[in-house]
1. How far, in nm, would the chain grow between Glu263 and Lys170 when pulled straight, counting 0.36 nm per residue and subtracting the alpha carbon separation?
2. If packing is taken as the average number of other Cβ atoms within 10 Å across a peptide's residues, how do 84-92, 180-188 rank, most packed first?
3. Any chance you could run the full-extension gain for Lys132 through Thr111? It's 0.36 nm times the residue separation minus the Cα-Cα distance, nm to one decimal.
4. Convert 37 °C to kelvin, take the viscosity as 0.692 mPa s, use the Kirkwood radius over C-alpha pairs of the stretch 18-170 as Rh, and evaluate the Stokes-Einstein diffusion coefficient in µm²/s, rounded to a whole number.
5. Can you report the principal axis dimensions of the chain using only the alpha carbons, biggest first, rounded to whole angstrom?
6. In percent, what relative contact order does the chain have, based on Cα pairs under 8 Å that are 6 or more apart in sequence?
7. Need the full-extension length gain, Asp321 to Gln24, defined as separation in residues times 0.36 nm minus the C-alpha distance. One decimal, nm.
8. Suppose only helical runs count, i.e. DSSP H with n ≥ 4. What mean residue ellipticity at 222 nm does that imply for the chain under -39500 (n - 2.57) per run, divided by all residues and rounded to the nearest 500 deg cm²/dmol?
Amino acid sequence: MSHIKSYWHSTTSNTKKRKPLTNQIKTDVAIIGGGFSGLATSYFLSKSGVHTVLLEQNNIGWGASGRNAGMLTTGYKNSTENLSKKIGLDKAKELLEMSVDCINLVDQVATEENIDCSINYNGGLKLAYKQKHFESLKREHEFMLENFDYETTIIEPEFMNEEINSPLYKHGALMDPHSFAFHPLKYAVGLGDAIEKHGGFIYEQSEAQSIKKIKNGYEIITPEGKVHASEIVIATNGYSTKSIDSKLARSIIPIDSHIITTEQLPQEVANKLIPKNRVTIDTKNFLYYFRVTEDRRLLFGGRVSFAKSGSSQSNPDLFEDLKKGMIDVFPELASSKIDYQWGGTTAFTFDFMPHFGKTKKGEYYITGFCGHGAAMSTLTGKLIAKDIMERSSIMDNELAKLPLRKIPFHSQHGKILNIAESYMKLKDKLF
């Protein structure tokens with residue numbers, strides 16, 4: 001299956017097709033999944049001379065890594081203040097610092113490997129959807145400054161027109177200078193090229209159909225081949241299946257998110273929408289996220305469905321709803337043509353936090369980015385690679401210490417998602 005016809009795909013000219021695995025091979029480390037986390041793990045291992053084989057069932061960057069909004073933002077789904085209440089200030093500080101380090105790492109890797117992925121450094125906005133939300137943002141700003149010496153900027157209501165030209169967001173905002181934008185598919189493709197430059201192997205159209213623990217390692221079966229690996233890393237995130245690891249599959253809920261992208265806009269219109277060209281999200285439960293692309297298009301996304309993977313392309317109503325949302329935010333785009341629309345799947349965990357570590361069988365895993373994988377995935381891949389090479393004990397990391405819990409009543413998750421979707425929509429209206 002080729003790359004989905006997204007805006008990112010249409011603006012990536014150097015994609016290449018790699019051959020599937022058709023024989024039996026041995027390797028030090030096998031990585032399953034060609035998204036950011038799998039690619040990053042393979043990259044840092046290969047760069048250090050470790051023999052790696054990466055298996056991707058489609059093409060690298062085909063999943064969420066090539067379909068997201070290209071927004072590298074700090075923090076987690078949970079606020080830093082809430083995390084501090086649950087795990088303590090010191091641990092929350094470590095997690096906050098990780099979320100900044102991971103963004104800097106993407107920049108560092110892109111620079112070192114000459115990956116032209118259109119990074120801009122204009123910061124990120126979190127827009128208050130309601131007055132209550134703005135009060136929460138101010139508390140978040142004060143909390144992080146007082147406890148972590150972490151500086152953000154509060155945008156008061158009277159200055160909102162300097163940040164965004166929208167009738168929907170008048171209550172205020174929080175600006176984080178550490179967030180920025182990039183071209184996600186170019187980054188994924190660049191990582192793939194870097195892996196091969198450093199001696200790693202990538203096989204596309206090579207689905208890992210089963211994993212078997214054997215003496216001195218693991219055996220991975222693909223449709224036409226077999227891999228014997230001393231170590232294995234499962235980096236399938238929202239596309240995890242029970243045939244690969246049933247516990248991982250039961251520990252995440254795949255959630256579809258959708259994006260539309262306008263035609264190229266006149267320069268004066270593009271400059272007016274988000275004057276300082278920041279990456280932008282709002283505070284609704286069913287949040288909107290948007291940005292202006294390098295070629296002056298508005299890219300607008302929303303988590304408008306809990307549907308299973310793939311359903312978005314066959315349900316045009318989802319994109320119509322998203323376009324209505326875009327017009328609510330920016331009425332002047334009512335007559336603008338939509339050139340691209342696509343959907344993708346991310347993975348949410350029970351505690352709304354990303355997870356990585358080792359299973360009881362000894363398999364490494366990275367999963368559950370909860371919408372923050374664009375940034376965090378490269379760092380978790382590096383940490384897994386370091387543990388494989390140095391046995392440095394990733395369990396010393398606060399993120400790795402978080403227990404990966406099975407989603408309750410996972411076999412009935414379709415029913416649960418319908419209930420959750422109705423609840424979240426009602427919560428947006430009431431609160």
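Every read-out reported here was derived from the displayed coordinates using simple, explicitly stated rules and does not represent laboratory data. Every value quoted in this text rests on a predicted model; they were computed, and no experiment measured them. A quick note on method: Cβ atoms are made from the backbone with ideal geometry, for glycine too, and the neighbour counts reach across all protein chains shown.
1. Values: separation 93, 0.36 × 93 = 33.48 nm, distance 2.66 nm.
Residue separation times 0.36 nm, minus the Cα-Cα distance, leaves 30.8 nm.
2. On the way: 84-92: 15.2, 180-188: 25.7.
Ranking the peptides 84-92, 180-188 by packing returns 180-188, 84-92.
3. Values: separation 21, 0.36 × 21 = 7.56 nm, distance 4.07 nm.
Full extension of this stretch gives 3.5 nm more.
4. Details: Rh = 18.9 Å.
This corresponds to a translational diffusion coefficient of 173 µm²/s.
5. That gives 66, 46, 46 Å along the principal axes, largest extent first.
6. Rounded, it is 23 percent for the chain.
7. Details: separation 297, 0.36 × 297 = 106.92 nm, distance 4.80 nm.
That works out to 102.1 nm of additional length.
8. On the way: 12 runs with 146 residues, N = 431.
Calculated from helices alone, the mean residue ellipticity at 222 nm is -10500 deg cm²/dmol.
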